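Remarks on the structure that follows.
The values are calculated or read from the model by the stated rules, or taken from the named source; none is laboratory data. Given the structure is predicted, the values throughout are model-derived calculations rather than measurements. Don't worry about glycine lacking a Cβ; one is built from the backbone with ideal geometry, like all the others, and counts go over all protein chains shown.
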Amino acid sequence: MTAASQILLGSTLLTMCALIHVGVVAILVPFLSHMADWLERSGSGLRTLIITGLNVLILLIAHTLQVWSWALAFFAMNAFDDFPTSIYFSTATYTTLGYGDLLLDPGLRIFGTFAAITGLLTFGISTALLMGVIVRLLPSIDDED
């Protein structure tokens, strides 16, 4: 595969994954806000646990969909002999761990780097969302006085 086609395919899959992630966040934010308001009115002491737990669970599902998307792409391109190996490589690359025990052929290396870029981008979005939720849920220092 040429460098240009690797960049094009990698950019396409990166864009698809970013849109999945942003779409999940766009749906999640109003849902969590509504849920937090409802739990506050109902007087539930489990509000922080429920909201944070739902947030993490839904973000994990979004990340899992993206890892599987990359794994399917690697497997479809015959980068690995079996799907479990594709999942392993995709997860290690997406999380930027990159153990180095598996390597892509030179014709797919540029494409593979886009999986790491996807992980960096979407983990950053997830971290920002989690911090925003936590800041909103925790009482401010002024409220404690």
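Computed quantities for the displayed model
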quantity: Meets criteria (of a type outside the set (F, W, Y), modelled with pLDDT of 90 or more, touching a helix residue (DSSP H, G or I) at 6+ places or on another chain (Cβ under 9 Å) and more than 30 Å from L104 (Cα to Cα)) for I51; calculated: no
quantity: Those residues of segment 42-79 which are of a type in the set (S, T, N, Q) and surrounded by fewer than 21 Cβ atoms within 10 Å (Cβ to Cβ), in sequence order; calculated: S42, S44, T48, T52, T64, S69, N78
quantity: Identity of the residue in segment 21-64, of a type in the set (S, T, N, Q) and touching a residue at least 24 places away in the same chain (Cβ under 8 Å), that ends up nearest to S126 (Cα to Cα); calculated: N55
quantity: Scope segment 22-48; condition under 15 Å from L138 (Cβ atoms) and either at pLDDT 85 or above or basic (K, R) (or both); matching residues; calculated: L32, R47
quantity: Number of the condition not met by A79 [criteria: (1) touching a residue at least 40 places away in the same chain (Cβ under 8 Å); (2) assigned to a loop (DSSP other than H, G, I, E, B); (3) touching a Leu at 6+ places or on another chain (Cβ under 6 Å)]; calculated: (1)
quantity: Residues (touching a residue at least 60 places away in the same chain (Cβ under 8 Å), surrounded by 17 or more Cβ atoms within 10 Å (Cβ to Cβ) and either closer than 30 Å to I50 by Cα or of a type in the set (D, E, K, R) (or both)) located in segment 110-124; calculated: T118, T122
quantity: Candidates G132, G107, filtered to the one that is free of Cβ contacts under 8 Å to residues at least 24 places away in the same chain and exposed (fewer than 15 other Cβ atoms within 10 Å of the Cβ); calculated: G132
quantity: Selection from segment 82-124 of residues that are in a loop (DSSP other than H, G, I, E, B) and among the aliphatic types (A, V, I, L, M); calculated: L97, L102, L103, L104, L108
